[in-house]
């Protein structure tokens, strides 16, 4: 069929996004998709809804409205009782854009996306989502420039487009005339991987086959790719805010421990040591437990750097020594970090001891600028050998024999990282962060 504006079936209407359209807003744009034009603003408030207070988490909500002359025939303004269509679309925009941001990294603040339709020629809800993402990024950029955030919490790019079946033909990005006579009408919201965030659809008067849904989905994917290019072009350098890796500072100066933790964390974070982050102080470990010391270190580095911080406090507990060396593992022989002296003292104390069971304990403390510090405990059971074995690892690794009959120092790094106390604590931490 020939479309009213002579576009091909898989062609978007001309789309443009003018950023910083409203000077008083924290983030704003004017999005034009064919004859549809919408002003979108993002406003930041330093409060959150009652159900989120004290949780260190932010919120994102949205409001959508059509201005009186947006349809050519005056539409009454919303009064105390809001237009039900506007409420439904507002909720759709809010749900969609919450998928774009890590609310745990926003802090206790609310971002409100306001979408005011100047002219409506079909696809207003999808254009509002596409423009809303841009306004959101601009608001985040302002928070960073003002020093309220250290880095961007934008985790996914989000855009939306409409598709429909008109006179038996699947079409992308319907204008009002096409939409008003469509046999099937659908809206798709997706992320940068073309994963579905939300799908709205209806058969107007009759059911339509699944094959048509697949055809419309394929068209939507084509349109979303193009819209995301338009979003990035509009954002320019500020597109770097999308999917920034979160910085995680390891609260340690121990090169072995830093490398081990960095390997365990994989590619999820931009991992740096506390010295790289500019933290040069020495943290005195005055805690009575591993958890006390881990929290003390993580909190100190987080407060000083403003970044998510991870600290490990770990050590060896020997049953016949009433849990010693315990929190004193690194300074068991007196001098901090003298592995040879610590190992020598342990062997001397256990020279006449037959019961040699022991365990390594690790407590990871994760401190966030926006929420309470959390701890994760991992253990690894084993026995103390009568002489050192192996050349790898550090600390008490040459004396700690695992269930497999080898000491930590005899295992490769990969083998150790599958069974160690620190690895077991890290598994719990990563599971909690999913």
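The values are calculated or read from the model by the stated rules, or taken from the named source; none is laboratory data. Bear in mind that the values here come from a model prediction, so they are computed numbers and not experimental data. Don't worry about glycine lacking a Cβ; one is built from the backbone with ideal geometry, like all the others, and counts go over all protein chains shown.
Determine, yes or no, whether residue 362 is under 36 Å from the mean Cα position of the chain (by Cα) and either modelled with pLDDT under 95 or not assigned by TED's automatic domain parsing to the domain that holds residue 397 (or both). When the stated conditions are applied, residue 362 does not pass them. Filter the range 36-47 down to residues that are surrounded by 15 or more Cβ atoms within 10 Å (Cβ to Cβ) and either assigned to a loop (DSSP other than H, G, I, E, B) or free of Cβ contacts under 8 Å to residues at least 60 places away in the same chain (or both), then give me how many there are. So the count comes out to 0. In the range 246-277, of all residues being in a loop (DSSP other than H, G, I, E, B) and either outside the structural domain of residue 362 (by TED's automatic domain parsing) or in contact with a helix residue (DSSP H, G or I) (Cβ under 7 Å, 6 or more places away or on another chain) (or both), the one that is surrounded by the most Cβ atoms within 10 Å (Cβ to Cβ) corresponds to 251.
Filtering the range 8-35 to residues that are farther than 22 Å from residue 72 by Cβ, in contact with a strand residue (DSSP E or B) (Cβ under 8 Å, 6 or more places away or on another chain) and not in a strand (DSSP E or B) leaves 9, 10, 11, 12, 20, 21, 22, 25, 26. Here residue 235 clears all of (1) surrounded by fewer than 22 Cβ atoms within 10 Å (Cβ to Cβ); (2) over 23 Å from residue 88 (Cα atoms); (3) more than 30 Å from the chain's Cα centre (by Cα) except the condition numbered (3).
Rundown of residues vs (1) at pLDDT 95 or above; (2) over 18 Å from residue 225 (Cα atoms); (3) in contact with a strand residue (DSSP E or B) (Cβ under 8 Å, 6 or more places away or on another chain), yes/no style:
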| site | (1), (2), (3) |
| --- | --- |
| 131 | yes, no, yes |
| 144 | yes, yes, no |
| 152 | yes, yes, no |
| 168 | no, yes, no |
| 171 | yes, no, yes |
| 190 | yes, no, yes |
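Among the residues making up the range 334-358, those that are in contact with a helix residue (DSSP H, G or I) (Cβ under 6 Å, 6 or more places away or on another chain) and more than 19 Å from residue 393 (Cα to Cα) are 353, 355, 357.
Once the range 186-227 is narrowed to residues that are in contact with a helix residue (DSSP H, G or I) (Cβ under 7 Å, 6 or more places away or on another chain) and not in a strand (DSSP E or B), the residue that is surrounded by the most Cβ atoms within 10 Å (Cβ to Cβ) is 227.
Yes/no per residue for (1) over 29 Å from residue 301 (Cα atoms); (2) at pLDDT below 95; (3) touching a strand residue (DSSP E or B) at 6+ places or on another chain (Cβ under 7 Å); (4) in the same structural domain as residue 286 (by TED's automatic domain parsing):
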residue	(1), (2), (3), (4)
331	no, yes, no, yes
339	no, yes, no, yes
366	no, no, yes, yes
370	no, yes, no, yes
413	no, yes, no, yes
420	no, yes, yes, yes
426	no, yes, yes, yes
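The selection criterion, being modelled with pLDDT of 95 or more and more than 21 Å from the chain's Cα centre (by Cα), holds for residue 30.
State whether the residues of the range 48-62 include one that is closer than 21 Å to residue 178 by Cβ, assigned by TED's automatic domain parsing to the domain that holds residue 85 and surrounded by 17 or more Cβ atoms within 10 Å (Cβ to Cβ). Checking the range 48-62: not a single residue is closer than 21 Å to residue 178 by Cβ, assigned by TED's automatic domain parsing to the domain that holds residue 85 and surrounded by 17 or more Cβ atoms within 10 Å (Cβ to Cβ).
Pairing each residue of the range 68-95 that is assigned by TED's automatic domain parsing to the domain that holds residue 128 with any residue that is surrounded by 12 or more Cβ atoms within 10 Å (Cβ to Cβ) and at pLDDT below 75, provided the two are 6+ apart or on different chains, yields C-beta distances under 6 Å for 68/75.
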